Each structure stands twice: as structure tokens, then as C-alpha cells.
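Remarks on the structure that follows.
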Amino acid sequence: LSDGIKALYMPYEGISDEEYIKDFIKQIKRKNANSVVIDFKTADGRLCYTSLQENAIAASAALYDNDTVRQAIGLFSESDIAVIARIFCFSDSRAANAKEDIAVKYMGTEVNWLDGSDEQGGKSWLNPYSKSVRSYIAAVAKEISNFGVGIFILEDLQFPDGDNTSSATYPGEKKTSDRNSVLKSTLNQVKRALPENALVILSQSAGDASAGNENIY
């Protein structure tokens, strides 16, 4: 990747289809790209591999067995294509619903907060103040790195941000102003879990990055 990262996004559904991957590799070559982005942890908390983590097991998060994932990564490696793992951090409704003690709560109750109405498909989020949640995200990154993946994109490394967040409460929160420090701590925990030469990329808009919003890293 001496000339920089030039990546195409491949839906995780393609991981188990060898012919699809081979066709996708041809597409990458035609685009003069050198990398592929795959959601290893999806926006709803599914994992494209089989994890040993308690939260993943409780959420029945696994999509594929690990041999299938290794075979897919091997096909890309044979063509000198780097695999980039995208990890959605706190927007994880599967784990939040399976283990409600690690979820964002509704107005201090035991009820899970949703980022929209039930009728509109609102989803639960994981609580960034939970040590279990932060350790889970770091452990997932480490497990993915064990497949030989060295580049990671972190999505939703943030508190929920929207019209109805005033009703969201976070067990363990002491003051709103320490939210960004919790996000920074999560990032550092992920980086410590990975090899020194791993590249970690935060996915965020330029506006979010410069606005000083405590809810976003």
C-alpha cells in the first residue's frame, strides 16, 4: 500500500462464496484498487466470523465459521489485495438486546433506549461507559487481527446522536463533559489490543471532527 489505500467495499455476504470473491478481485483490479473493505462487525452487531467473546456468544452474533473467513482472506492475499475490517462499535442492537445490562437505557429505567420508534425500526445501542462493552470492542479487533488483517475502520465510535437522545441515559456516567474521554479511552484500548503496525482509521465527517461535539470522538 505504498501508493495509499484504494479500496472497494464488498458486502459481507460474499465471504462464503469463492466465485463471487474471485469476480470481485477482478473488479478491484479493473478499478486499480489495492484493498477491500468488509464489515467484520455490522451495524446491528453481527460478526462475519465466530468469536469466543461472551457478548458475541450471548448475541448469537456469528455469521460464518473461521475457516470460511480464512479462505476468503487467503484469496485476497494471493492477489496482493489488503483486507480492511470495518467495525461498528456502539451501534450493536444484538448484544444490547441479549445483555441488557450493557445497553443505553431509557430515562434511567431498566428499559433499553432506542434510536427511533419501535414502529420505525429503532435500535438499541451499547453503553460506552460499560467496561464490558469497551473490552468487547477491543477483543473483537484483536480476534480479527489474528486472521492477518492489519487495517481497521471504526464506525460509530460515538454516543448516539439524534433528535431523541435527551431520553438516553448511560449507567456509569458521572458528567456529560467526560464523554469524549470515554471515546478516546475506547480507541486507545483497541489500539493496545492490536499489533503496533496496525492502522486504525476513524470514520467521521470533517464537521464532526472539528465541532467539539462531546458525543463524537
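Values computed for the structure shown
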{"quantity": "Number of the exception - Tyr136 against (1) without any contact (Cβ under 8 Å) to a residue 24 or more places away in the chain; (2) crowded, with 23+ Cβ neighbours inside 10 Å", "calculated": "(1)"}
{"quantity": "Flag for Asp161 being open to solvent by 50 Å² or more (accessible area, probe 1.4 Å) and either farther than 30 Å from Ile5 by Cβ or assigned to a strand (DSSP E or B) (or both)", "calculated": "no"}
{"quantity": "Selection status of Asp80, at positive phi and out of contact with any Asp or Glu (no Cβ under 6 Å at 6 or more places or on another chain)", "calculated": "yes"}
{"quantity": "Flag for Ile144 being part of a helix (DSSP H, G or I), touching a Lys or Arg at 6+ places or on another chain (Cβ under 9 Å), open to solvent by less than 60 Å² (accessible area, probe 1.4 Å) and not acidic (Asp, Glu)", "calculated": "yes"}
{"quantity": "Residue pairs meeting the criteria (Cβ under 9 Å; at least 6 apart or on separate chains; first under 12 Å from Asp80 (Cβ atoms), in the stretch 23-37; second open to solvent by less than 20 Å² (accessible area, probe 1.4 Å) and among the aromatic types (Phe, Trp, Tyr))", "calculated": "Ile25/Phe76; Ile28/Phe76; Ser35/Phe76; Val36/Phe24; Val36/Phe76"}
{"quantity": "Residue count for the stretch 23-72, restricted to those that are assigned to a helix (DSSP H, G or I) and either open to solvent by 20 Å² or more (accessible area, probe 1.4 Å) or in contact with a helix residue (DSSP H, G or I) (Cβ under 8 Å, 6 or more places away or on another chain) (or both)", "calculated": "19"}
{"quantity": "Test set (1) at pLDDT 90 or above; (2) surrounded by fewer than 16 Cβ atoms within 10 Å (Cβ to Cβ) - Val190 fails condition number", "calculated": "(2)"}
{"quantity": "Condition check for Ser166: open to solvent by 70 Å² or more (accessible area, probe 1.4 Å), in contact (Cβ under 8 Å) with a residue 12 or more places away in the chain and in a helix (DSSP H, G or I)", "calculated": "no"}
{"quantity": "Failed item in (1) in a helix (DSSP H, G or I); (2) surrounded by 19 or more Cβ atoms within 10 Å (Cβ to Cβ), with Leu114 passing the rest", "calculated": "(1)"}
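The values are calculated or read from the model by the stated rules, or taken from the named source; none is laboratory data. Remember, predicted model here, so these are calculated numbers, not experimental data. So basically every Cβ, Gly included, is an ideal-geometry build from the backbone, and we count neighbours across all protein chains shown. With ligands, DNA and RNA removed, areas are computed over all heavy atoms of the protein, side chains included. Shrake-Rupley method; radii C 1.70, N 1.55, O 1.52, S 1.80 Å.
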